[in-house]
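*Asks:* This is the structure I have questions about; it appears just below.
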Amino acid sequence: MKSLQKVAAAILCAIFVLMLLATFLLPAPYARQFRDVPNAAPSSAHLLGTDALGRDSLSRLLYGTRVSLLLAPAAALLSTLIAAVLGSVAGILGGWFERIALAATDLSLALPWLFLLLVVRAMLPLDVPPFVSVGIAFLMMGLLGWQASVRVICAAARGVRDSDFLLLARSSGCKPARLLWRHVAPNLRPLFYTQFLISIPIFILTEANLSILGLGVMEPMPSWGNLMRGFEDFSMLLANPWRLVPLALLVIVVMCFQLVLPSQEVTQ
Amino acid sequence: MIRRAFVFFALALVFRWPTPVSAESAGQSGGELRFCLRGEPKTFNPLLVEEDASETVRYLTGGVLIRLNRQTQALEPGLAVSWKVSDEGRKISFRLRSGLHFSDGTPFTSEDVAYTVKALMDPQLHSPTGDSFRSGDGQVVVHTPSADAVIVIFPAPVAGLERLFDQVAILSAHSPKKEMAVLGPFYVADYAPGSYVLLHRNANYWKKDKEGKPLPYLDSIRLDIQRNRDIELLRFRRGEIHLISSLDADSFDRLQKESPAAAHDAGPGLDSEFIWFNQVLSAPLSDNKKTWFRSAEFRKAVSMAINRADLSRIVFGGHARPAFGPVSPANHFWFNSALSVPQYDSAGALRLLARAGFRFDGSTLRDSSGNRVEFTVITNSGNKSREQMVAMIQQDLSQIGIKVNLVTLDFPSLIERITRTYDYEACLLGLVNTDLDPNSQMNVWLSSAENHQWNPKQSKPATEWEAELDRLMRAQSSATTDKKRKADWDRVQQIVADQRPFIYLVNKDAMSAISPAVVGSAPSVLDPHAFWNAEVLRLGPDPALGAQE
C-alpha cells in the first residue's frame, strides 16, 4: 500500500470512528437550540459556530456524517448492484435481451421521477418516525438511481463479450452464471467501483433535494445534504467560510475512497 | 341655431377650449422607473384581476372613484370628488370630477361608471372584484342623473361599501381601446410576453401636485417579468431595477449590510403566520388525538408554550412581531387593542394541561388514558422560515413534554390534505392579507366557509363559539355603522383569542428595497408597499444605485 493510500485509509478510519462515536463526542445534542447565539462564529463553546437556530454546528456535522455516510453508500451499493447485474447480463447476452434492457433503461431515464417521488410521499403516512423516513428516502434513491450506470456497464460488458478469454471459457463448457461471476464481473469490477464512488456524492446531494420535497432527512435530524442546503446563500458563505466544512468533508471522503481503492481497479 | 353655433365657435377660439391631448404625445423628463413583476400578468382587464402581477398593472393604470391612502389608511377622493352612503349601506351616490379624459382622449362621464359597475356585477364575467359587492339576490341598479353624478343601489346592504371601490378601476364605455383606455397615472404602452410590460405616463391624468404640476412625474415604468427572487435581488444590487416591493427577512438583512439606505422596514404588516389543529370530526385520526385537538385548553396550552419573541428574533431576524390574532396591529382601525399580549409561559401551559387531565412526568406529556402526546405538523416544502419555525416549536413544546414531528409537503399535496382528505394533524401556514376590512375574512370565520381551515364546510356550527362567530360575522357584514361593525369584529377577535382555533405566531414586517435614486418614496405596510404613491415618485441622480440612463 502506498503512503498516500495509507493516509487516505487513516482519514477514512478516523471519520468512521468519529461517526460511530458521535453520540459520546457531541458537544451538545444536535437539536438543542442555543437561542442567544444564532449564527455564531466558531468559539470555544461552539467549535464550528452555530446555525441559524443556534444549534451547535459541530454536533450537527458529526451526527449528519453518521446519517449520510451510512445511508448514501448503502443506496449507492444497491443501485450499483442493480446496474451491474442488468448491464453485465445485457452486454454479455446481447441481441433482443440487450435491446429490451436498454430500451427499458431509456424509458426509465425519461420518466419524471420527481412526480413519482411526490406521489410516493403523498401515499406515505405522515407519522412515520424520522429514522424510517430517512431509510425510505435512501432506499428509493438506490432503487431509482441505477439507469445511467447500466448503460456504461453494458457498453463495457459488450467489449468483454468478444474477448478471447471469454471465447475460451465458453468453448470449455462454462455455464452462463459462472461465466458472469468468474470471468465478466472481475473484468468489470473497476467500473463497478467507479460507479459506486460516483453515486455516493450524487446520493448525498440528491438527499438534500429530496428533503425539500419532504422525502429526505427531516428537521431536526441533520445530514450532509440538509447541512449543505444553506449554500444557496453565497454571500453568507463568504462571510462565514466555516460553513463550508460539510462540503470539505464530503470532498475528503470521496477522494479518500478513490485513493484507498487500488489505482488499477479504478483507472483500468 | 346657426347663431348659437357661431358664438360657441367664437368662444372656443378665444378661450382655447382645453382639448384632451394624446397621452402618447406628451413628454416629461421624469425618467423610467424599473422593477419586476413576479409572474406573467394574466389579464389587463381590471375587473378580472386575480393575481399579483395583474394587480400591480391595475394599481398603476386604473383610475378609481375612491382611493385608500396606503399610509394613513383613510379614504381619499379619486375620480369622485365626494360620495355618500345611505339606505343602510344599500346606496352610494358619487359626485364625479368633470372635464376628465381617458388616456386615449375619450371623455370621462357618469356613463363610464355605470358601464363599469354593470360589467363588474355581470354574472357572465365572473369578476373576482365584483364578488365583494354581491350582498344579496337581485340586480344592482345604477342611475346617472347627470354627467357628473352616479347613484348605485345594491339589493342588500354592503358592509364597508365605499372602501371596496378602491379596487374598481373605471372602464370607458365608448373608447375603441376598451380596457386599455385608462384613467390612472400610467397606461400600458407595450407588452412583451415573458419579458416586460411597459407603462407610459398618462398625460390626461387628472391629479396635480401642490404646485399645480401635472402628475405623474415619471415618464414611464418598465415592469420586467422575473420569477426568480434571487435574480431580482441581484438586479437590484446591480442597479438594473429601482425597487423590490416585498422582501423576505434574509434578503433584507443582506441588503441592509450592503446598502442601508436602500433597505426599508415599514414595521409589522398585515401578513400572519399561524398553526392550527385538525378538528374535522371525520378526519382519519385516532380518537385520542381528535379529543386533544378539540380541547380549547390543549390549544391554549400549546399557544402559551410557544416563544413567539424567539420566533420573531431568530427566524425573521427581528423583522416580525408576535401576533395577537387575526388582525395585525398594523390595521389601525380594525385591530382590537384590548387583546392581551401573547405571553410565553410553559409553566402556565402545564397548569392548564393538568386542569384538562394531562399528566407531565418531567419529560413526557400523557393524556388521561396514558397516551403520549405527539403530533405531526405539516407545512409547504421549500419555505425555510416555516421549517425553522416548526423546528423552534419542536423545542418549545418539548419543554412541556409534547413531541412534535415535521413533514414538509409540496403545495398541491398539502392543499389536498387540508381541504379534501383531512389526513393531517396540524398545519403551519401563512395568510397574505391585502384588505383591511373584516369582510375580506368572511371566508375564514364562517363555519360553512371553505377556508374555515380547522373544520371547514360545516353544515351547522360544531361548537357554540363557532355559532357565535357566524352570528357576529353576519352581523358586522350587514351593520350600517363602522362603530357597530367594529364592536362585532372586536368580539370575534376576542373569541378567537379565547378558543385559539388558529394559533397566531407572528406578523411579518413589510420590507422593501428602494434605490436612493427614487425620490418621494414612503414605504407602507399595505400593498403595494414600495410604489403605492407611484404618481409622485421621480428619479434623481444616484451614482451607486439606480442611476438614470
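Please treat every number below as a calculation from the coordinates, not as lab data. Predicted model only: the values in this text are computed from it and were never measured. Heads up, the Cβs are rebuilt from the backbone with ideal geometry, glycines too, and the neighbour counts pull from every protein chain shown.
*Asks:* Return the tail of the calculated pair distribution for region B:221-358, meaning the percent of Cα-Cα pairs more than 17 Å apart. Mind showing how you got there, number by number?
*Replies:* On the way: 6759 of 9453 pairs.
Considering region B:221-358, 72 percent of its Cα-Cα pairs are separated by more than 17 Å.
*Asks:* On to the next question. Name the shape class, rounded, prolate or oblate, that the alpha-carbon gyration tensor gives for region B:88-139, where a ≥ b ≥ c are the square roots of its eigenvalues, rounded holds for a/c under 1.5, and otherwise prolate holds if a/b is larger than b/c and oblate otherwise. All intermediate terms of the calculation are to be shown ahead of the outcome.
*Replies:* Working: a/c = 3.11, a/b = 1.61, b/c = 1.93.
Oblate is the answer for region B:88-139, as a/c is 1.5 or above yet b/c matches or exceeds a/b.
*Asks:* Please list the non-local residues whose amide H lies under 5 Å from the amide H of residue B:433, H modeled 1.01 Å from N, same-chain partners needing a gap of 5 or more.
*Replies:* Under 5 Å from the amide H of residue B:433: B:271, B:272.
*Asks:* If you don't mind, another one. Can you list residues from other chains, or at least 5 along the same chain, whose modelled amide H is less than 5 Å from the amide H of residue B:100?
*Replies:* Amide H neighbours of residue B:100: B:108.
*Asks:* Could you sort the peptides B:498-510, B:327-339 by per-residue average Cβ neighbour count (10 Å cutoff), highest mean leading?
*Replies:* Working: B:498-510: 22.8, B:327-339: 18.1.
The most tightly packed comes first, giving B:498-510, B:327-339.
*Asks:* Given an 8 Å cut-off on Cα distances and at least 6 residues of separation, report the relative contact order of region B:54-181 as a percent.
*Replies:* Details: 222 pairs, mean separation 39.6, N = 128.
Relative contact order of region B:54-181: 31 percent.
*Asks:* In µm²/s, what is D for region B:22-168 at 25 °C and 0.890 mPa s, where D = kT/(6 pi eta Rh) by Stokes-Einstein and Rh is the Kirkwood radius from Cα pairs? Don't skip to the end; give the middle numbers.
*Replies:* Working: Rh = 16.6 Å.
The estimated diffusion coefficient comes to 148 µm²/s.
*Asks:* Taking N as the number of residues in the protein assembly as shown, what is its Cα Rg relative to 2.2 N^0.38 Å?
*Replies:* After normalising by residue count via 2.2 N^0.38 Å, the value is 1.17.
*Asks:* Pop a pseudo-label 7 angstrom from the Cα along the beta-carbon direction at both residue B:86 and residue B:366 and give the gap in nm to one decimal.
*Replies:* For the pair residue B:86/residue B:366, the computed spacing is 7.2 nm.
*Asks:* Let me ask something additional. Suppose we look only past 18 Å in the calculated P(r) of region B:316-411. What percent of the Cα-Cα pairs does that tail hold? Mind dumping the intermediate values first?
*Replies:* Numbers: 2788 of 4560 pairs.
Considering region B:316-411, 61 percent of its Cα-Cα pairs are separated by more than 18 Å.
*Asks:* Right, here's the next one. Which whole-angstrom value gives the distance between the alpha carbon centres of region A:4-51 and region B:405-475?
*Replies:* 44 Å
*Asks:* Would you please calculate the Kirkwood hydrodynamic radius of region B:89-188 over all C-alpha pairs and express it in Å, rounded to one decimal?
*Replies:* After inverting the mean inverse Cα-Cα distance, the result is 14.0 Å.
*Asks:* Run lengths n ≥ 4 of DSSP H only: what is the helix-derived mean residue ellipticity at 222 nm for chain B, with -39500 (n - 2.57) per run over all residues, to the nearest 500?
*Replies:* Numbers: 15 runs with 147 residues, N = 549.
Computed mean residue ellipticity for chain B: -8000 deg cm²/dmol.
*Asks:* With θ set to phi - 60°, apply the Karplus curve 6.51 cos²θ - 1.76 cosθ + 1.60 along region B:422-435 and write out the HN-Hα couplings as whole Hz, x wherever there is a Gly or Pro.
*Replies:* 6, 8, 7, 10, 9, 9, 10, 9, x, 10, 8, 10, 10, 10
*Asks:* Mind listing which trypsin sites (Lys or Arg not before Pro) in region A:1-61 are in a DSSP loop and have 11 or fewer other Cβ atoms within 10 Å? Write out the running numbers ahead of the final one.
*Replies:* Details: sites: A:2, A:6, A:32, A:35, A:55, A:60; in loops: A:2, A:32, A:35.
Answer by residue number: A:2.
*Asks:* At 20 °C and a viscosity of 1.002 mPa s, what translational diffusion coefficient does Stokes-Einstein give for region A:103-229, taking Rh as the Kirkwood radius over Cα pairs? Give it in µm²/s as a whole number. Write out the running numbers ahead of the final one.
*Replies:* Numbers: Rh = 17.2 Å.
D = 125 µm²/s.
*Asks:* To check my understanding: the extent here is largest minus smallest coordinate of the Cα atoms along each principal axis. What are those three numbers for region B:332-470, in Å, largest first?
*Replies:* 46, 37, 33
*Asks:* Another question, then. Rounded to the nearest 0.05, what FRET efficiency do residue B:355 and residue B:431 give with R0 = 51 Å and r taken as the Cβ-Cβ distance? Could you check? Mind dumping the intermediate values first?
*Replies:* On the way: r = 31 Å, r/R0 = 0.61.
Calculated transfer efficiency: 0.95.
*Asks:* Can you tell me the convex hull volume per residue for chain B, based on C-alpha atoms, in Å³ to the nearest whole number? Before the final figure, lay out the partial values.
*Replies:* Values: hull volume 89.4 nm³, N = 549.
About 163 Å³ per residue, rounded to a whole number.
*Asks:* A further question on this structure: Pull out a ≥ b ≥ c, the square roots of the eigenvalues of the alpha-carbon gyration tensor of region B:300-349, then state rounded if a/c is under 1.5, prolate if not and a/b is larger than b/c, and oblate in the remaining case. Numbers along the way, then the final one.
*Replies:* On the way: a/c = 3.04, a/b = 1.25, b/c = 2.43.
Since a/c reaches 1.5 but b/c is at least a/b, the shape of region B:300-349 is classed as oblate.
*Asks:* If you don't mind, there's one more thing I want to ask. Of the listed pairs B:91/B:118; B:42/B:177; B:460/B:486; B:118/B:484; B:290/B:403; B:118/B:486, which have alpha-carbon separations greater than 20 Å here?
*Replies:* On the way: B:91/B:118 15 Å; B:42/B:177 18 Å; B:460/B:486 25 Å; B:118/B:484 30 Å; B:290/B:403 16 Å; B:118/B:486 30 Å.
The pairs that break the limit, which is 20 Å between Cα atoms, are B:460/B:486; B:118/B:484; B:118/B:486.
*Asks:* What full-extension length gain, to one decimal in nm, is calculated for residue B:498 and residue B:174 as 0.36 nm per residue of separation minus the Cα-Cα distance? All intermediate terms of the calculation are to be shown ahead of the outcome.
*Replies:* Working: separation 324, 0.36 × 324 = 116.64 nm, distance 5.44 nm.
Answer, rounded to one decimal: 111.2 nm.
*Asks:* Same structure, new question: Going highest first, how would you order B:148-160, B:84-96 by mean Cβ packing within 10 Å? All intermediate terms of the calculation are to be shown ahead of the outcome.
*Replies:* Details: B:148-160: 19.5, B:84-96: 17.3.
Result, highest mean first: B:148-160, B:84-96.
*Asks:* Within a 10 angstrom radius of each residue's Cβ in A:122-128, how many Cβ atoms of other chains show up on average? Whole number is fine. Kindly include the intermediate steps, with their values, before the conclusion.
*Replies:* Values: counts 9, 1, 1, 4, 13, 9, 3.
For this peptide, the per-residue mean of nearby foreign Cβ atoms is 6.
*Asks:* If you don't mind, there's one more thing I want to ask. If you rank B:72, B:116, A:50, B:376 by fewest surrounding Cβ atoms within 10 Å, what's the result? Mind dumping the intermediate values first?
*Replies:* Values: B:72 10, B:116 22, A:50 26, B:376 19.
The fewest-first ordering by Cβ neighbours comes to B:72, B:376, B:116, A:50.
*Asks:* From the backbone phi of region B:278-292, what are the Karplus-calculated ³J(HN,Hα) couplings (6.51 cos²θ - 1.76 cosθ + 1.60, θ = phi - 60°) in whole Hz, Gly and Pro given as x?
*Replies:* In residue order, the calculated couplings are 6, 10, 6, 4, 8, 5, x, 10, 5, 4, 5, 5, 4, 5, 4 Hz.
*Asks:* Additional query: What chymotrypsin sites (Phe, Trp or Tyr not before Pro) does region A:29-78 have in DSSP loop regions with at most 16 other beta carbons within 10 Å? Before the final figure, lay out the partial values.
*Replies:* Details: sites: A:30, A:34, A:63; in loops: A:30, A:34.
When the chymotrypsin sites (Phe, Trp or Tyr not before Pro) of region A:29-78 are filtered for loop state and at most 16 Cβ neighbours within 10 Å, A:34 remain.
*Asks:* Compute the relative contact order of region B:102-252 as a whole-number percentage, counting only Cα pairs closer than 8 Å that sit 6 or more residues apart in sequence. Don't jump to the answer; show the numbers that get you there.
*Replies:* Values: 199 pairs, mean separation 28.1, N = 151.
Relative contact order, region B:102-252: 19 percent.
*Asks:* Short version: ³J(HN,Hα) in whole Hz for each residue of region B:132-145, in order, from phi by Karplus 6.51 cos²θ - 1.76 cosθ + 1.60 (θ = phi - 60°), x for Gly and Pro, what are they?
*Replies:* Computed from phi, the couplings for region B:132-145 are 5, 8, 7, 9, x, 5, x, 8, 8, 10, 10, 10, 10, x Hz.
*Asks:* Please compute the modelled spin-label separation between residue B:131 and residue A:106, points set 7 Å along Cα→Cβ, answer in nm with one decimal.
*Replies:* Computed distance between label sites residue A:106 and residue B:131 equals 4.8 nm.
*Asks:* Next question. Quick check: convex hull of the Cα atoms in region A:1-46, volume per residue, rounded to a whole Å³?
*Replies:* Numbers: hull volume 4.9 nm³, N = 46.
Dividing the Cα hull volume of region A:1-46 by its residues yields 107 Å³.
*Asks:* Ok, one more. Please work out how much length the chain gains when fully extended from residue A:189 to residue A:167, using 0.36 nm per residue of separation minus the C-alpha to C-alpha distance, in nm with one decimal. Intermediate values should be presented prior to the final figure.
*Replies:* On the way: separation 22, 0.36 × 22 = 7.92 nm, distance 1.95 nm.
Roughly 6.0 nm would be gained on extension.
*Asks:* Scale the Cα Rg of chain A by the rule-of-thumb value 2.2 N^0.38 Å and send over the ratio, two decimals.
*Replies:* On the way: Rg = 21.7 Å, N = 268, 2.2 N^0.38 = 18.4 Å.
Rg over 2.2 N^0.38 Å, computed on Cα atoms: 1.18.
*Asks:* Let me ask something else about it. Given a Förster radius of 45 Å and the C-beta distance between residue A:236 and residue B:75 as r, what FRET efficiency does 1/(1 + (r/R0)^6) yield to the nearest 0.05?
*Replies:* Details: r = 44 Å, r/R0 = 0.97.
Efficiency at R0 = 45 Å is approximately 0.55.
*Asks:* Rounded to whole Å and ordered largest first, report the semi-axes of the equivalent ellipsoid of region B:145-209 derived from its Cα gyration tensor (root of 5λ). Please report the intermediate quantities before stating the final value.
*Replies:* Details: eigenvalues 163, 52, 36 Å².
Gyration-tensor ellipsoid for region B:145-209: 29, 16, 13 Å.
*Asks:* Let me ask another. Placing one identical point scatterer on every Cα of region B:417-531 and ignoring solvent, what is log10 I(q)/I(0) from the Debye formula at q = 0.22 Å⁻¹?
*Replies:* The calculated log intensity ratios at q = 0.22 Å⁻¹ are -1.29.
*Asks:* Can you work out the FRET efficiency for the pair residue B:191 and residue B:481, with r the C-beta to C-beta distance and R0 = 45 Å, to the nearest 0.05? Kindly include the intermediate steps, with their values, before the conclusion.
*Replies:* Working: r = 44 Å, r/R0 = 0.98.
Efficiency, rounded to the nearest 0.05: 0.55.
*Asks:* At q = 0.17 Å⁻¹, what is the log10 ratio I(q)/I(0) for region A:155-255, with the Debye formula run over Cα points and no solvent?
*Replies:* -0.81
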